[in-house]
1. So residue 73 ticks every box in (1) open to solvent by less than 50 Å² (accessible area, probe 1.4 Å); (2) β-branched (Val, Ile, Thr); (3) modelled with pLDDT of 95 or more but one. Which box is left unticked?
2. Given the residues 83, 36, which is the only one that is more than 22 Å from the chain's Cα centre (by Cα) and not aliphatic (A, V, I, L, M)?
3. Filter segment 129-152 for residues that are acidic (Asp, Glu) and assigned to a strand (DSSP E or B); which is most open to solvent (accessible area, probe 1.4 Å)?
4. When you scan segment 84-128, how many residues do you find that are among the polar types (S, T, N, Q), open to solvent by 30 Å² or more (accessible area, probe 1.4 Å) and under 17 Å from residue 163 (Cα atoms)?
5. With 143, 91, 133 as the choices, which residue is closer than 30 Å to residue 53 by Cα and of a type in the set (D, E, K, R)?
6. Within the bounds of segment 67-80, is there any residue that is without any contact (Cβ under 8 Å) to a residue 40 or more places away in the chain, part of a strand (DSSP E or B) and under 29 Å from residue 139 (Cα atoms)?
7. If residue 160 satisfies every condition in (1) more than 22 Å from residue 66 (Cα to Cα); (2) touching a Leu at 6+ places or on another chain (Cβ under 9 Å); (3) in contact (Cβ under 8 Å) with a residue 24 or more places away in the chain; (4) surrounded by 15 or more Cβ atoms within 10 Å (Cβ to Cβ) but one, which is the exception?
8. Any chance segment 46-67 includes a residue that's touching a helix residue (DSSP H, G or I) at 6+ places or on another chain (Cβ under 9 Å), open to solvent by 50 Å² or more (accessible area, probe 1.4 Å) and of a type outside the set (Phe, Trp, Tyr)?
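The values are calculated or read from the model by the stated rules, or taken from the named source; none is laboratory data. As the structure is a computational prediction, the values presented were derived from the model and not from experiment. Neighbour counts run over all protein chains shown; Cβ positions are idealised from the backbone, glycine included. Surface accessibility is based on the protein's heavy atoms, side chains included, excluding ligands, DNA and RNA. Shrake-Rupley method; radii C 1.70, N 1.55, O 1.52, S 1.80 Å.
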Amino acid sequence: PEYRENRLGLVGNLKYKFSDVFSLASKLELSKGSVFGNYILSQNSLFIQPIKDYTLHAFANFKSSAPGFNYLVNSSPVLSYNFQMPFFQNENALSFGGELGMKFWQTKFFAKYHRIENYTYLNRFYQPEQSSEAVGIAQLGGETTMNYGRFFLNTRLQFQQNSSGKDMLPLPNF
């Protein structure tokens, strides 16, 4: 099948910067269509420098959109891998978290949480499916950059674990 649609959308950005110590940023995108449905994206961030050389960055994001196109339709010379997903619900993804940065050591510590409703995945028969339960992912970690002259080494250590939906999105445990 051939997919065509006309979309109508709206985009807005808002930024507020009060010196180098405090700033807010927000972005909103809305789009409406008949075939792939509505699209909503909201990105919000807060930056604070409470003490010189120490920063705090917090964010909250929301996205509601159709699943990726590769989950909606797939043409394959192998018949068992052909599929079309005509009825779908928007995936709703909420993520929020924070990051603490230290300039002296060029180090960051972060914590993030992601929640995805109507998560789309390929089941054991390689057919697209949407989950009835939400997928939750928690992430904790740190990152640092070390340098010697013109050589830089960026290292990152991250732990992540599912709080729900482990069957649909298997992640290594820690």
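1. With respect to (1) open to solvent by less than 50 Å² (accessible area, probe 1.4 Å); (2) β-branched (Val, Ile, Thr); (3) modelled with pLDDT of 95 or more, residue 73 is out only on (3).
2. 83
3. Step by step, filter segment 129-152, then rank; the result is 129.
4. Residues flagged as among the polar types (S, T, N, Q), open to solvent by 30 Å² or more (accessible area, probe 1.4 Å) and under 17 Å from residue 163 (Cα atoms) within segment 84-128 amount to 2.
5. Of the residues listed, the single one that is closer than 30 Å to residue 53 by Cα and of a type in the set (D, E, K, R) is 143.
6. Scanning segment 67-80 turns up no residue that is without any contact (Cβ under 8 Å) to a residue 40 or more places away in the chain, part of a strand (DSSP E or B) and under 29 Å from residue 139 (Cα atoms).
7. (3)
8. No, segment 46-67 contains no residue that is touching a helix residue (DSSP H, G or I) at 6+ places or on another chain (Cβ under 9 Å), open to solvent by 50 Å² or more (accessible area, probe 1.4 Å) and of a type outside the set (Phe, Trp, Tyr).
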